[in-house]
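The values are calculated or read from the model by the stated rules, or taken from the named source; none is laboratory data. Quick caveat: nothing in here was measured; it's all calculated off a predicted structure. Because the Cβ atoms are built from the backbone with ideal geometry, glycine has one as well, and the counts that use them run over all protein chains shown.
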Amino acid sequence: MYDNTGGILVFALKAPPRFKTTENVVVRNNRITDNNTPPFVNASGLVLTIPPGTGVMVLASQNVEVYNNTITKHKTTGVLLISAYAANEEDNSGIKDSQGKVYDNFGKGNYVHNNTIKDFGYAPGGAFAKPGSEGGLKDFTDAFMAGYKNFPAVMWDGVMDPNPAVSAGVDVSTGYPLGGNYTGNYKVCSTANGVTPPVTSVGVSYQNLDLNLFGLMTQTSSFAFPNPPRLEKSGANACTITLPPVTGYPS
């Protein structure tokens, strides 16, 4: 998979009269390289949410496993895990389709592990290159790149389902989902990836970044890097989950 804006895209899309569910997906055994092409000038909708230079992007999808892939030469990041909020699709919250299904804005049960990721994060694009006046995160990008020189191999927006059964509820002052940790198999984990540090490395692990998007937006808390605890944990508490089996594809 090569020469696209983003390599492999796992999206859950609003599509009235029926929402398209994306769950129980396996992305494995692929060679994904050099997907840095700008979007076409007439591109629209969710296509424009893909930062050029993204190897794998998972949007608002549940129970997605990404493993045993070789992901190389992506200027933004190797794997990007985001909610519908990060794609400006949060207006779908609570809306039902003709079948009574509610669109789920949040990624849950996403597991990225045992991938080989090289040559990443050297010139972040898309929203990471747009100023805040255009809804972008350029200020964050500039500050991060000044200190660490490259974006990490795996990035999560850190936006969590406010359902208290799986996370920490809603901040009543902002209406945004609170932080905290997902429980059980709702967790978002990225572990045991073989990451080749950038040449410009400052001597830290470049495996993962927890962006903590709402914390940045409200200026109440910061991103977590390196070794973000929600994505990794350590030792006996390492972040692992057990996803439902996906059947019907070749072994």
Which listed residue, of N110, N114, is surrounded by fewer than 17 Cβ atoms within 10 Å (Cβ to Cβ) and modelled with pLDDT of 90 or more | N114
Residues of the range 98-129 being over 26 Å from K75 (Cα atoms) and in contact with a Gly (Cβ under 6 Å, 6 or more places away or on another chain), in sequence order, are none
Would you check if there is a residue in the range 67-84 being surrounded by fewer than 22 Cβ atoms within 10 Å (Cβ to Cβ) and modelled with pLDDT under 95?
-> no
Among the residues of the range 230-244, write down those that are assigned to a loop (DSSP other than H, G, I, E, B) and either out of contact with any helix residue (DSSP H, G or I) (no Cβ under 9 Å at 6 or more places or on another chain) or at pLDDT 90 or above (or both).
-> R230, L231, E232, K233, S234, A238, C239, T240
